[in-house]
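A short reminder: the numbers here are calculations on the coordinates, not readings from a lab. Owing to the predicted nature of the structure, the values given are computational and were not obtained by experimental measurement. Backbone-built Cβ (ideal geometry, glycine too); neighbour counts: all protein chains shown.
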Amino acid sequence: MGHLFVVGDIHGCARELEVLLGALPLGPEDTIVFVGDYVDRGPASMDVVRTLLELQRNEKARTVCLKGNHEDMLLAYMGYPGHHGEAFMYNGGDATLASYGVSPWLSGSDLANALPADHLGFLCCLEKMYLAPPFLITHAGIDPERSLADQREKDLFWIRERFIEHPHRLPYTVCFGHTARYEVLIDLPYKIGLDTGCVYGNRLSCIQLSCTEPKEARLYQIPTGQRRAETRDLTLDLSARNIKRDF
């Protein structure tokens, strides 16, 4: 089994994504997982989706794209299953429409017709979570009081403090994005937060993990507007704390 690469929120930062992908030592045995929030706020949502589609097609590594809350809002805005579609334009959706060259006054149904067919298909086929023991990857986190089978879709895309501020009982370390912070959040053995606010002028982050040697990790970061990756090695201690971690 190869390495597992987990990439934090991108939000239309296509140039930083390009630099990051060029810095990662991806191979055919590896898996790269994107935690979602590809669109909105940043300048180049269309280019981000196009880059991810190209990555899926070239099979350089297995590519898994999860749904973030911003894709959830966009789909709901266009009339597809999702949540809070009415909030899409108030949360950076205007930047997404601008990147596709369409009017900010376009209705949701007209936007669905205006998007390239492969981009719409990409959005409709995003996954909810990815499990690669001892790691579980979701966009926002999990409900710490529920089993894996009982997790609610909305929590996977939208939860914040109830997950971040409390330990959970699942036997996995949850890698997630959604809640931006200045540094990667490493709260072991429970969680690793990878949204480091590239769209706000900070960094785009990716962690390289090993499912067979989970203590070994490497962090790749692209400062906003820069063309070179910053890297550092990490040692992860995933040993259990004084809490029962299974149901």
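Name the residue farthest towards the positive end of the dipole of the chain from the options 234, 89, 24, assuming +1 on Cβ of Lys and Arg, -1 on Cβ of Asp and Glu, about the Cα centre.
Farthest towards the positive pole: 234.
Find the centroid of the Cα atoms in segment 39-115 and in segment 1-32, then give the distance between the two in whole Å.
19
Taking Cα atoms, how many degrees apart are the long axis of helix 45-58 and the longest axis of the chain, rounded to 10 and kept between 0 and 90?
60
What number, in percent, do you get for the relative contact order of segment 109-210 if the mean sequence gap of Cα pairs under 8 Å and at least 6 apart is divided by its residue count?
19
Using a simple charge model, +1 on the beta-carbon of Lys and Arg, -1 on the beta-carbon of Asp and Glu, nothing else, what dipole does segment 135-247 show about its Cα centre, in debye to the nearest 20?
Value, rounded to 20: 160 debye.
With the contact rule set at Cα under 8 Å and sequence spacing of 6 or more, what percent relative contact order holds for segment 5-151?
The normalised contact order for segment 5-151 reaches 23 percent.
What value, in deg cm²/dmol to 500, does the helix sum -39500 (n - 2.57) over DSSP H runs of n ≥ 4 give at 222 nm once divided by the residues of the chain?
Numbers: 8 runs with 65 residues, N = 247.
Calculated from helices alone, the mean residue ellipticity at 222 nm is -7000 deg cm²/dmol.
Using θ = phi - 60° and the Karplus curve 6.51 cos²θ - 1.76 cosθ + 1.60, what whole-Hz ³J(HN,Hα) does each residue of segment 216-225 get, with Gly and Pro shown as x?
These are the phi-based 3J(HN,Hα) values: 8, 8, 9, 9, 10, 9, 10, x, 3, x Hz.
Under 8 Å for C-alpha pairs, at least 6 residues apart: give me the relative contact order for the chain, rounded to a whole percent.
21
How compact and how long is segment 60-167, expressed as Rg and Dmax of its alpha-carbon atoms in Å?
15.5, 45
List the residues whose amide H sits under 5 Å from the amide H of residue 127, counting only those 5 or more places along or on another chain, with H placed 1.01 Å from N in the peptide plane.
Distant-sequence amide H within range of residue 127: 65, 66, 67.
If you count, for each residue, the other Cβ atoms within 10 Å and average over each peptide, how do 231-239, 206-214 line up from highest to lowest?
Averaged packing, sorted descending, gives the order 206-214, 231-239.
Share of antiparallel DSSP beta bridges in the chain, in percent to the nearest 5?
60
So for the pair residue 165, residue 60, with labels modelled 7 Å out along Cα→Cβ, what separation do we get in nm?
Reported label-point gap for residue 165 and residue 60 is 4.1 nm.
Lysine pairs in segment 4-235 8 or more apart or on different chains: how many have alpha carbons under 18 angstrom apart?
Lysine pairs meeting the criterion: 5.
Once phi is turned into θ = phi - 60°, what whole-Hz ³J(HN,Hα) does the Karplus curve with 6.51, -1.76 and 1.60 give for every residue of segment 164-176, x standing for Gly and Pro?
In residue order, the calculated couplings are 5, 8, 9, x, 10, 10, 6, x, 9, 8, 8, 9, 8 Hz.
What dipole magnitude, in Debye to the nearest 20, does the chain give about its Cα centre under +1 on Lys/Arg Cβ and -1 on Asp/Glu Cβ?
Dipole magnitude for the chain comes out near 400 debye.
Select from segment 46-107 those chymotrypsin sites (Phe, Trp or Tyr not before Pro) which occupy a DSSP coil region and have at most 12 other Cβ atoms within 10 Å, ordered by residue number.
Here the sparse-neighbourhood loop sites are 105.
Give the share of C-alpha pairs in each 5 angstrom bin for segment 125-182, from 0 to the last occupied bin, in whole percents, shortest bins first.
Values per bin, smallest distances first: 4, 20, 34, 28, 11, 3, 0.
Would you please name the GluC sites (Glu not before Pro) within segment 76-169 that are DSSP coil residues with at most 16 other C-beta atoms within 10 Å of their C-beta? Mind showing how you got there, number by number?
On the way: sites: 86, 127, 145, 153, 161, 165; in loops: 145, 165.
Of the GluC sites (Glu not before Pro), the ones in loops of segment 76-169 whose Cβ has at most 16 other Cβ atoms within 10 Å are 145, 165.
Please work out the Cα center distance from segment 195-218 to segment 132-168, rounded to the nearest Å.
18
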